[in-house]
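Read-outs throughout are calculated quantities, based only on the coordinates presented, and are distinct from any laboratory measurement. Keep in mind the model is a prediction, meaning the values are calculated, not measured. Positions of Cβ are generated from backbone atoms using ideal geometry, with glycine treated the same way; all protein chains shown enter the neighbour counts.
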Amino acid sequence: MHIELITPEQKVFTGDADRIQLPGIDGMFEVLDRHAPLISALKEGKVKITSGNAVKYITISSGFAEILNNNVVVLAETAAEL
């Protein structure tokens, strides 16, 4: 699936991955390849992006995630790679 993590200032991450873990308002949730369409509010926390054996962590402030047609778009107020 294709993932984009964007803040108002920059595109923090763009690429393909096997799964992404996101800090939802009610707790962490994971999105896998071919996930059903979903829109979710996000709280401050850590995003985990996994592609094969590679893992990338990015901290975000609040925002939103949209999952649609095997694309994940994360819109965050701020984000920083760990």
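Springs between alpha-carbon pairs under 10 angstrom, Gaussian network model over the chain: which of Ala65, Ala17, Ala54 fluctuates most?
Judging by the Gaussian network model, the answer is Ala54.
Would you mind computing, in nm to one decimal, how far apart the modelled labels at Leu68 and Glu81 are, each placed 7 Å from Cα along Cα→Cβ?
It is 2.8 nm.
Go ahead and set up a Gaussian network model of the chain, Cα springs under 10 Å, then flag whichever of Gly45, Gly24, Gly15 fluctuates most.
Ranking Gly45, Gly24, Gly15 by mean-square fluctuation puts Gly15 first.
May I ask you to list the lysines whose Cα is less than 16 Å away from that of Lys11, ignoring any residue fewer than eight positions away on the same chain?
Within the straight-line cut-off, Lys11 pairs with Lys56.
Over the Cα atoms of the range 2-81, compute the convex hull volume and normalise it per residue, giving Å³.
On the way: hull volume 5.9 nm³, N = 80.
Per-residue hull volume (Cα only) is 74 Å³.
Provide the net charge surrounding Gln10, with neighbours chosen by a C-beta distance below 12 Å and charges set as Lys +1, Arg +1, Asp -1, Glu -1. Walk me through the numbers on the way to the answer.
On the way: positive: Lys11; negative: Glu4, Glu9, Glu81.
Taking every Cβ under 12 Å from that of Gln10, the sum is -2.
So what J values fall out for the range 14-24 if you push phi through Karplus, 6.51 cos²θ - 1.76 cosθ + 1.60 with θ = phi - 60°, rounded to Hz, Gly and Pro as x?
3J(HN,Hα) across the range 14-24, in whole Hz: 8, x, 9, 8, 7, 7, 9, 9, 10, x, x.
Taking the Cα centre of the range 2-81 as the origin, how large is its charge dipole in debye, to the nearest 20, when only Lys and Arg (+1) and Asp and Glu (-1) carry charge on their Cβ atoms?
Here the size comes out at about 140 debye.
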